[in-house]
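The values are calculated or read from the model by the stated rules, or taken from the named source; none is laboratory data. Note that the structure is predicted; figures quoted are calculated from it, not measured. Positions of Cβ are generated from backbone atoms using ideal geometry, with glycine treated the same way; all protein chains shown enter the neighbour counts.
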């Protein structure tokens, strides 16, 4: 049967919303503002206009419903699948976070094994906790210059598959925050040879499919599920994301939909969904042209930054080792530590003195994301600011001894699910050594869980945590954000 060809110039869901908005019906249903009560003046100022009339809901049966689409929204998702190179696409209103959780939960049940890098997003750990899966970690191998594991090494995955029977899924992140990517196609082949599903967190790569000068998207590399943050590198509103499925016989797509209905709001936001419809149309019809200039600008910026004293911008010089297969050139990873700055200080300097916000910072770097929203003017402003800072007298580096990351992962005493839902107690952090952690402790940077529920707390991990915090890093996960105390399993 010949696949249906859709007109990528249409935006069926957005167009259906506009038609309903113009009907100007009198509402006796949700939302409470009825589309007629204007926002508070301060909110109106922030929004730049009255969006209440666009805050439409499916309650009247005219607007298609996210969790059981039959009309315009179903067609919008079919258009997206065709545009991004997938068999089935689900729109997400809770970001890639819900996509990662649903992907794991749809493939793994209590006790099933899931191979995943330790450097996975915390939402993947959420999927492990909620599914009851047993994580089999790809240990972090830190790229020495960057100080972060930038990819998943195929040889390690092969070894883990040989050592572990009953693996139901492999979940990797590619590209990561730094823009570096794994050999996804090879790992997918390995997964399928062991009857496991291949899941990819491609939150930072929703644009990849639309320009030949960029690496291939995971949707084209034999994967089963690919989660993308359409809002991160395209024009969708924040939280608006997509989960793409390929029907390779390794996943139950209907179950994926059931998990999403379980996890996402039953009152989905029409503006978020409409922004996905519009973002897809733009990329499907103009994506190459929209990406072409920013891609050129990113290449030129990388070359220019490499000429500035004390700064370095990574690129293909890192490809070919530590599992790195390729990289997204639209991420600018700038090393600033050679000037005596930490990434945190440099980030604040750019913001406070030059009006520039980066994507994020770590101990040695500031990372910038170049997207379809960038222009010659924005890149010129960035380069001008970097030149100005490079011309200044280098900062005097504080002589603080660096505490290395522990070389071994913590010992797992309980599964993450069992520990997360176990009876627990609060103890002073300094007295927690030997206890079983009952919550996530994730220092930023590097954003890798240092200790997850079910693992035994040991002194080297606390020493590293203290060092990261002394350098201006933060922590995500624990109940006590000051980390004076930690929650542990009650024995």
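Structure above, values below:
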| quantity | calculated |
| --- | --- |
| Count - residues of region 102-113 that are buried (at least 21 other Cβ atoms within 10 Å of the Cβ) and out of contact with any helix residue (DSSP H, G or I) (no Cβ under 6 Å at 6 or more places or on another chain) | 2 |
| From 423, 431, 471, residue being free of Cβ contacts under 8 Å to residues at least 12 places away in the same chain, outside the structural domain of residue 120 (by TED's automatic domain parsing) and more than 23 Å from the chain's Cα centre (by Cα) | 431 |
| Odd one out for residue 79 among (1) more than 23 Å from residue 216 (Cβ to Cβ); (2) surrounded by fewer than 24 Cβ atoms within 10 Å (Cβ to Cβ) | (1) |
| Any hit, region 386-405, residues being touching a strand residue (DSSP E or B) at 6+ places or on another chain (Cβ under 6 Å) and surrounded by 18 or more Cβ atoms within 10 Å (Cβ to Cβ) | no |
| Given (1) surrounded by fewer than 19 Cβ atoms within 10 Å (Cβ to Cβ); (2) under 21 Å from the mean Cα position of the chain (by Cα), index of the condition residue 151 fails | (1) |
| Output for region 434-465, where each listed residue is assigned to a loop (DSSP other than H, G, I, E, B) and under 26 Å from the mean Cα position of the chain (by Cα) | 438, 439, 440, 445, 446, 447, 448, 449, 450, 452, 453, 454 |
| Yes/no for residue 244 being closer than 25 Å to residue 178 by Cα, assigned to a helix (DSSP H, G or I) and modelled with pLDDT of 95 or more | no |
| Selection within region 287-330 - assigned to a helix (DSSP H, G or I), more than 29 Å from residue 235 (Cα to Cα) and touching a residue at least 40 places away in the same chain (Cβ under 8 Å) | 318 |
| In region 247-274, the residues that are farther than 23 Å from residue 174 by Cβ and not in a helix (DSSP H, G or I) | 252, 264, 265, 266, 267, 268, 269 |
| Filtered residues of region 3-22 (kept if surrounded by 10 or more Cβ atoms within 10 Å (Cβ to Cβ) and assigned to a helix (DSSP H, G or I)) | 12, 13, 14, 15, 16, 17, 18, 19, 20, 21 |
| Residue that is nearest to residue 362 (Cα to Cα), among those in region 180-195 that are in contact with a strand residue (DSSP E or B) (Cβ under 9 Å, 6 or more places away or on another chain) and surrounded by fewer than 24 Cβ atoms within 10 Å (Cβ to Cβ) | 183 |
| Residue in region 337-362 that is farthest from the chain's Cα centre (by Cα), counting only those that are part of a loop (DSSP other than H, G, I, E, B) and farther than 23 Å from residue 232 by Cβ | 340 |
| Test: residue in region 129-146 that is in contact with a strand residue (DSSP E or B) (Cβ under 6 Å, 6 or more places away or on another chain), outside any helix (DSSP H, G or I) and under 21 Å from residue 246 (Cβ atoms) | no |
| Residues within region 258-286 that are in contact (Cβ under 8 Å) with a residue 24 or more places away in the chain and closer than 19 Å to residue 82 by Cα, tallied | 13 |
| Cross-chain or 6+ apart pairs with Cβ under 6 Å, region 192-205 first and in the same structural domain as residue 253 (by TED's automatic domain parsing) and under 14 Å from residue 331 (Cα atoms), then at pLDDT 95 or above and assigned to a loop (DSSP other than H, G, I, E, B) | 203/229; 204/175; 205/175 |
| Candidate set from region 354-382 (those that are in contact with a helix residue (DSSP H, G or I) (Cβ under 6 Å, 6 or more places away or on another chain) and more than 25 Å from residue 445 (Cα to Cα)); member that is surrounded by the fewest Cβ atoms within 10 Å (Cβ to Cβ) | 374 |
| Residue tally, condition surrounded by 14 or more Cβ atoms within 10 Å (Cβ to Cβ) and without any contact (Cβ under 8 Å) to a residue 12 or more places away in the chain, over region 23-33 | 1 |
| In region 449-467, the residues that are touching a residue at least 60 places away in the same chain (Cβ under 8 Å) and either crowded, with 20+ Cβ neighbours inside 10 Å or more than 16 Å from residue 140 (Cα to Cα) (or both) | 449, 452, 453, 463, 466, 467 |
